[in-house]
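The values are calculated or read from the model by the stated rules, or taken from the named source; none is laboratory data. No experiment lies behind these values; they were computed from the predicted model shown. All Cβ positions, glycine included, derive from the backbone under ideal geometry; neighbour counts span all protein chains shown. With ligands, DNA and RNA removed, areas are computed over all heavy atoms of the protein, side chains included. Shrake-Rupley method; radii C 1.70, N 1.55, O 1.52, S 1.80 Å.
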Amino acid sequence: MRSRTVHLSGGTTPRDQLIAAAGEVGRQPDFVLAFLPPEENLRDVLAAMTLVWPDALRFGCEAVTQVAGGEITRQGTVQLFWLDDPQRHHTWIEVIPGTHGSPPPLRRVESVARRVVAADGTLLLMDGLRFPAERFLADLRRSLRGLQAPVAGGLASQSEPVTRAGARVFVGERVLPSACLVLTLQGIAMQVEVVRGWSPASPVYTVTRAEGGVVWEIDGEPATDWYRRFFTVGGELAPMPAAANRFPLLVEGPRPERQGLYRTLRCFDQPPGAVTFWGDLEPGDHVRLGLGNDASLASTAAARPAGPPPEAAVVCACIGRGLAMGEQSGAEIAAVHAALGGVALSGLFSFGEIGPTPRGDLAYYNHTAILVLLREVGA
Amino acid sequence: MSGPPELDPLGLDNAILRNLLAQTTRAYERQMTELYAEKELAQVTLASIGDGVLATDAEGRIKYLNPVAEKLTGWERAEALGRPLPEVFQLSESEQRIDDVLSRCLEEGRSFRLAERASLERRDGRRYGIESTCSPIRALDGRIIGAVLVFQDVSDKRLMALQLAHQATHDELTGLLNRQAFDGHLQRALEEARSLSNTHALCYLDLDQFKLVNDTCGHLAGDELLCRVTALLQDSMRDTDLVARLGGDEFGVLLTRCSLDRAERQVAELLRALNQFRFTWRDKTFAIGASIGLVPITREFRTVAHLLSAADHACYAAKEKGRNRVQVYQEDDDTFVRRHGEMNWVVRIQQTLEQDRFRLFSQQIQPLSPHAAPGLYFEVLLRMLEDDGRVHLPSDFIRAAERYGLMRSIDRWVIRSCIQTLVSQPPPFLELLQLCSINLSAVSLGDDELLGFVEEELDASGAPPAKLCFEITETTAIESLPQAQRLMERLAARGVRFALDDFGTGMSSYGYLKDLPVSFLKIDGKFIKDVVTDPLDRAMVESINQVGHVMGVRTIAEGVTSSAVVERLRLLGVDFAQGNWISPPRPLASAAMPGMPGMPGRR
């Protein structure tokens, strides 16, 4: 497999940049993955891709910040993939449409699970605001019945205020709100790495009252009071949720399938007395605050993954992780790119990441970077 | 929400980190406090519990022992710490080695129980029966870092178990084997006789004078006699023989590996010893005899019950031949055959009781006096219904029932069934009923609990006591006079009446009539049969009738055979007549009773 990343820039029209990128190979790519800014010219870029590669499978999602090679951009990134053996190896995409916040029917999820098990890898991209990602992943995990298949992905992101149109996915020129794309790979090995870099920094506490992402009580104390213990500085509460971005909540069990999950604070004192996370927490979860910094995150990212070198890579990094690192986010992406030997890399800063827990269960994460390493096999 | 404006992000992070550190330190201190308290609690608990606790490290060296462990091992903690476990915890009387148990526990990471019979030898040589479990101790990461041995002193428990086992197999009074344990030995002897052709013999011994001693000197004397006889038996038998107490005054002896000839000699010697023995209790001295049945244990006996039954037969035969002798069992002997027949009856009686196949019949008693109150008068009769429909009279089975102690059950069945039948008849049956006469055996008359039983049945059923009459034979009443008197007076006080049955055949001592609350005399049929033709019989009937009437007792003539007899009895002034000629027995359960309005009856 060959792959190339196109870093869209404002200098020339997208069409010219795309033609230039594809010209070297001499044929249309087999599939194209794009992470594009949620702007009005999104449809222009999609139209340009249709014009240039009418036969290629083209898909992707909106992202406020994208990754192109070892760099971070806000103008969009397109990654092209050419298979060495397109006769035998292929990709297949399925759109699970939005259902106004309700999870997809269980029968549909079970059908997806069967394809996931049969595939060499599965990439999930979904609306980061309007698709019930956690519920879908929980149903998929149950439908997989303990079978472990490589699944990874991320949630599309949107700029503030996040309540508007959604964070959409697209296939061809169709832009789909509230939807999930399921890309299954055949003949392409997928290796998933979860880049963490956070260390436990507080004692262990227990969530005592929570519903979905809203936590009301920790250790029997109102969740806001619990946060105030740590985030009151000089008698004043630090700016929330920004201050908490560098201190995500780490789940340490006791249920094994929840071991190792990270959660990012989304709203403080909303609803009043509660804190809301980008991901669910359950009563009984053992949690502690995590601690990380630019160096720890970057050094974790710089670790060379085990296994054969990939031919292409995609990264889904948490937008909260980017916020935590601030200007040093680029250093992390550069470290990842370098660790992968400069392989074609694209990605996004997401509203949530999808990857395996240390035990191998499919999980929804915050504050991680999910690294998807691809390599065509048996070509 | 605005934050502290003077702090840059790095300063803010550092401030939050300080908070985290403070919270962590606080939590750590709290946990340390809790941990210390838990450790203290654990130490106190370990020091307080009644079990010995001994902990080792992964090399099997002692790291801890509690006060109970110190006491049971005889090692003080300061001395024991650091020593290899087997040095301090020494097992005795066990095939297990404690170092093997410990090694397996540490290597396999699972618990082991010490063998059930394990004993701990204390440092000073004293031994304790112990129960113990050896379990691995794991660190948080699962590594095995030592083992803990928990053990209890079960010496008392084992002693008690031994005592209980002894009690379960031995007679409390004599200390001899009991019937159940003896059965086990007999079973083995039978098996040996079958498989190895070993010859054993069984001796069944019944003391002849035990009842006499018991009745005249009391139970204490009886118990003492049994103990003395036990000692005598044990002295007279070989060490290899087994002596057991099988019942009240019945003993069994299993003569192992003993030919019949030798057994006969040995048992004869035993009888001689018994005869020479004199039992003295206070101012009384008794010579002791025994009826002894002897059975060679051969492969022909199928079961222990069969074997014991043969020995019992032989013993009974010895009694019938005049007691105080030895009778060797012979299967074809007439005595044994008859006895065997009785044994069969015993089984049939028991089955009949269990399957509720006894049936009650009634025979009308006809008033002869025109002044008698009108109504129903009858005697209740018992029949045994076989499962094939055959009916047996009491004469077929009463002898066996009396001999094998079944009369008590039969009498109670009759009383209960009769009362229930009476009260379940439709009106105006009870109003018409004048007399329902029930036979009572000698055994029941001496049964101290019968009174309570009859009273309970009367109370529970609501039957009118005045309609009931118990028939007892003259001989029985005189033989058990004190009990008979007590029972009769108590029941008579409630209105129950009594009849002396078969009067004239026994002692016919009128003197007793003054001491017993008798309402009827039943003149035996042998005087009635020829009352018309035989002047002596007529005189006898006349005499009984006169004396009865003088004492206020009414008379019933049994075995009436003709109208001429009825007329003669009427002339003699006899009050009632009964017999098959007047009315044959009919089922009592039938609602239509003889003599009830509309029913035929001879007059």
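Structure notes:
- Counting only Cβ charges, +1 for Lys and Arg and -1 for Asp and Glu, the dipole size of region A:175-239 around its Cα centre is about 180 debye.
- Partners for B:K467 among aspartates and glutamates (Cα-Cα distance below 19 Å; same-chain residues under 8 apart left out): B:E379, B:D411, B:E431, B:E455, B:E456, B:E457, B:D459, B:E489, B:D501, B:D575
- If the segment from B:R257 to B:F277 were pulled out straight at 0.36 nm per residue, it would be longer than the present Cα-Cα gap by 4.4 nm.
- Of the residues B:V295, B:P465, B:G573, the one whose Cα sits farthest towards the positive end of the charge dipole of the protein assembly as shown is B:G573 (charges of +1 on Lys and Arg Cβ, -1 on Asp and Glu Cβ, taken about the Cα centre).
- When B and A come together, around 1600 square angstrom of accessible surface is lost from both chains combined, probe 1.4 Å.
- Cα centre as origin, Lys/Arg/Asp/Glu Cβ charges: chain B dipole, Debye: 1080 debye
- Residue-by-residue Karplus 3J(HN,Hα) for region B:564-578, coefficients 6.51, -1.76, 1.60, Hz, glycine and proline x: 5, 5, 4, 5, 4, 4, 4, 5, 6, x, 5, 7, 9, 9, 8
- Space enclosed by the convex hull of the alpha-carbon atoms of region A:3-83, per residue, Å³: 82 Å³
- Antiparallel DSSP beta bridges within the protein assembly as shown, as percent of all bridges there, nearest 5: 75 percent
- Where B:L91, B:L10, A:L144 fall by accessible area, highest first, once all protein chains stay in place (1.4 Å): B:L10, B:L91, A:L144
- Shape category assigned to region B:199-354 from the gyration tensor of Cα positions, a/c cut at 1.5: oblate
- Here is the size of chain A from its Cα atoms: Rg then Dmax, 20.1, 67 Å.
- Probe 1.4 Å - accessible area at B:Y512, Å² to nearest ten: 70 Å²
- Taking amide H atoms as placed 1.01 Å from N in the peptide plane, the amide H of B:R127 lies under 5 Å from those of B:R122, each 5 or more residues away in sequence or on another chain.
- Dipole size of region B:305-434 about its Cα centre, with +1 on Lys/Arg Cβ and -1 on Asp/Glu Cβ: approximately 380 debye, rounded to the nearest 20.
- Whichever lysines have a C-alpha closer than 29 Å to that of B:K39, once near sequence neighbours (fewer than 8 apart) are set aside: B:K63, B:K71
- Helical runs assigned H by DSSP (4 residues or longer) give chain B a calculated mean residue ellipticity at 222 nm of -14500 deg cm²/dmol, each run adding -39500 (n - 2.57) before division by the residue total.
- Projecting label points 7 angstrom from Cα along Cα→Cβ for B:R357 and B:Q187 puts them 2.9 nm apart.
- Computed label-point distance, nm, for sites A:T50 and B:S111 using a 7 Å Cα→Cβ extension: 7.2 nm
- The alpha carbons of region A:71-187 give a radius of gyration and a Dmax of 15.1, 45 Å, in that order.
- FRET efficiency for the B:L10 to A:Q270 pair, using the beta carbon distance and R₀ = 30 Å, is estimated at 0.65.
- Computed from phi, the 3J(HN,Hα) profile of region B:302-318 under the Karplus parametrisation 6.51, -1.76, 1.60 (θ = phi - 60°) reads 7, 9, 5, 4, 4, 5, 5, 4, 5, 5, 5, 4, 5, 5, 5, 4, 4 Hz, with x in place of Gly and Pro.
- Between the amide H of A:A167 and those of A:G128, A:L129, A:R130, A:S178, distances stay under 5 Å, these residues lying 5 or more places away or on another chain, with hydrogens modeled in the peptide plane.
- On Cα atoms only, tilt of B:260-276 relative to the major axis of chain B in degrees: 80 degrees
- Region A:38-61 and region B:453-490 have Cα centres lying 116 Å from one another.
- In terms of its alpha-carbon gyration tensor, region B:77-137 comes out oblate; a/c meets the 1.5 threshold, while b/c is at least as large as a/b.
- Accessible area of region A:128-218 divided out per residue, in Å², using a probe of 1.4 angstrom: 38 Å²
- For region B:133-243, relative contact order (Cα pairs under 8 Å, six or more residues apart, normalised by length) works out to 16 percent.
- Charge dipole of the protein assembly as shown about the Cα centre (unit charges at C-beta), most positive-ward option of B:V253, A:M49, B:F210: A:M49
- Fully extended contour minus Cα-Cα distance, from B:L220 to B:Q43, at 0.36 nm per residue: 58.0 nm
- Taking A:A201, A:A63, A:A113 in turn, the Gaussian network model of chain A (Cα-Cα springs below 10 Å) assigns the largest fluctuation to A:A201.
- Proximal lysines to B:K514, defined as alpha-carbon separation beneath 20 angstrom and excluding residues fewer than eight positions away on the same chain: B:K522
- Region A:1-136 shape via C-alpha gyration tensor axes, a/c threshold 1.5: oblate
- Gain in span if fully extended, B:E431 to B:E456, counting 0.36 nm per residue against the direct Cα distance: 6.8 nm
- B:S155-B:E320 pseudo-label distance in nm [points 7 Å out on the Cα-to-Cβ vector]: 5.9 nm
- Mean Cα-pair separation over length for chain A, i.e. relative contact order, pairs under 8 Å, 6 or more apart, %: 21 percent
- Think of the protein assembly as shown as a dipole: +1 on every Lys or Arg Cβ, -1 on every Asp or Glu Cβ, centred on the Cα centre; then among B:P427, B:F182, B:M237, B:P427 lies furthest on the positive end.
- Normalised by 2.2 N^0.38 Å, with N the number of residues, the alpha-carbon radius of gyration of the protein assembly as shown equals 1.76.
- Between the helical axis of B:481-493 and the longest alpha-carbon principal axis of chain B there is an angle of about 90 degrees.
- Only helices enter the 222 nm calculation for chain A: every DSSP H run of n ≥ 4 contributes -39,500 (n - 2.57), and dividing by all residues gives -6500 deg cm²/dmol, rounded to 500.
- Relative contact order (%) - criterion: Cα under 8 Å, at least six apart; region: region B:254-312: 25 percent
- On Cα atoms only, tilt of A:14-23 relative to the major axis of chain A in degrees: 60 degrees
- Solvent-accessible area per residue, Å², over region B:258-317 with all protein chains present [probe radius 1.4 Å]: 46 Å²
- In this structure, the amide hydrogen of A:G153, modeled 1.01 Å from its nitrogen in the peptide plane, lies closer than 5 angstrom to those of A:L124, A:I354, counting only residues at least 5 positions away or on a different chain.
- Volume per residue of the C-alpha convex hull in region B:399-535, rounded to whole Å³: 133 Å³
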